[in-house]
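Worksheet: the structure to be examined is printed underneath.
The values are calculated or read from the model by the stated rules, or taken from the named source; none is laboratory data. Values in this document were obtained by computation on a predicted structure and should not be read as measured data. Note: ideal-geometry Cβ built from the backbone for every residue, glycine included; neighbour counts use all protein chains shown. Calculation scope for accessible area: heavy atoms of the full protein, side chains included, ligands and nucleic acids excluded. Shrake-Rupley method; radii C 1.70, N 1.55, O 1.52, S 1.80 Å.
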2 protein chains.
Amino acid sequence: MTLNPSFANAEIVADAISPQIFRDAMSKMGAAVNIVTSDGPAGKAGFAATAVCSVTDTPPTLLVCLNRSASVFNAVMENQALCVNVLSSAHDRLSNLFGGKTPVEERFAAASWHRGISGAPVLDDAVVSFDCMVTDGMDVGTHRVLFCSVLSVSEGEGADALIYFKRGYHSVGVGAAS
Amino acid sequence: MTLNPSFANAEIVADAISPQIFRDAMSKMGAAVNIVTSDGPAGKAGFAATAVCSVTDTPPTLLVCLNRSASVFNAVMENQALCVNVLSSAHDRLSNLFGGKTPVEERFAAASWHRGISGAPVLDDAVVSFDCMVTDGMDVGTHRVLFCSVLSVSEGEGADALIYFKRGYHSVGVGAAS
């Protein structure tokens, strides 16, 4: 796209925002904690992610931002399948497992799963799960934005949600603050 | 991209997820509430949004999903500028104003703003604000995903965050549930 001429010097300004400043600021944008899983020709994979976002309901589509240097990147791309499992407030330890260096089998052994239409593991007691086919991708900087067509959803039993805000876990829901 | 042959029939399955089922499921993925503002050649605009997501810190980039039929769409595209203002728990009424049918001047009159580098209004008491230049876009279904280069960030005073979950507002932060 053609840039607005008033942004002729914007490149210089953007250079002043360091990755650390950006990450610190982003830590103040609260987000649901999800475990994104995948399975298929490249094997099972799973990671904790907050960079997940609804795109459109026509057709039902969400996106997941994934670092192209992440260990799970190639598996997700080859499997072309993923499931976004929205975590409840009871899942903080599970989130830590999937956000750390724990081997993949140990990660999955810590919870109960069933297989989705896509082949990806669906967390039995997630608040809600979106089983998806990865249909498109766009590279932006270090990351790829994966556009995912939703094949099925499975909803849990009204549990409180796990929210990540200011680098800590918080509970939101019926039993939490209003 | 070439689709995995195992998804030959996935199109049929995806058709079974109605927009309403998708929206109901998405209401269970908690999200920060933001007011996205814009100003420039096309005039001032602002709307409440939860479909905002960090993309990469190199270079600092976020994305905003916007319905191409939204009244603010043309203004944001022409201005090529927007500011994502992350709301605090004190901003629930402001969020309703920017999510409704209130005329633009009345929306902005309900809070205090200063002008960002991009020209967009920055909410004085936001939890944090990301002033951005819109650098790229990708159409997906009814929406356009706007990729935004962050020009500056301004952080507020440790306020609680406003989270939208199950179609209601919730407060998360120092004074909220852990």
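Among (1) in contact with a helix residue (DSSP H, G or I) (Cβ under 9 Å, 6 or more places away or on another chain); (2) of a type outside the set (Lys, Arg); (3) closer than 13 Å to A:Thr135 by Cα, which single condition is A:Ala49 missing?
(3)
Please note which helices (runs of 4 or more DSSP H) are completely contained in the range B:57-169 and include at least 3 residues that are within 10 Å of another protein chain (Cβ to nearest Cβ).
Once the helices (runs of 4 or more DSSP H) in the range B:57-169 are filtered for at least 3 residues that are within 10 Å of another protein chain (Cβ to nearest Cβ), what remains is B:73-79.
For the range B:126-147, give me each residue that is in contact with a Gly (Cβ under 6 Å, 6 or more places away or on another chain) and open to solvent by 10 Å² or more (accessible area, probe 1.4 Å). Write out each step before concluding.
First, the residues of the range B:126-147 that are in contact with a Gly (Cβ under 6 Å, 6 or more places away or on another chain): B:126-127, B:131, B:144, B:146.
Once the filter is applied, which keeps residues that are in contact with a Gly (Cβ under 6 Å, 6 or more places away or on another chain) and open to solvent by 10 Å² or more (accessible area, probe 1.4 Å), the range B:126-147 yields only B:Arg144.
Which residues, counting only those in the range A:20-38, are under 21 Å from the mean Cα position of the chain (by Cα) and either hydrophobic (A, V, I, L, M, F, W, C) or at pLDDT below 95 (or both)?
Correct list: A:Phe22, A:Ala25, A:Met26, A:Met29, A:Ala31, A:Ala32, A:Val33, A:Ile35, A:Val36.
Suppose the filter is at pLDDT 95 or above, out of contact with any strand residue (DSSP E or B) (no Cβ under 9 Å at 6 or more places or on another chain) and at the interface with another protein chain (Cβ under 10 Å from one of its Cβ atoms); does A:Pro41 pass it?
For A:Pro41, the condition - at pLDDT 95 or above, out of contact with any strand residue (DSSP E or B) (no Cβ under 9 Å at 6 or more places or on another chain) and at the interface with another protein chain (Cβ under 10 Å from one of its Cβ atoms) - is met.
So, of the residues in the range B:59-88 that are at pLDDT 95 or above and of a type in the set (S, T, N, Q), which turns out to be nearest to B:Cys148 (Cα to Cα)?
Restricting to residues being at pLDDT 95 or above and of a type in the set (S, T, N, Q), the top hit is B:Thr61.
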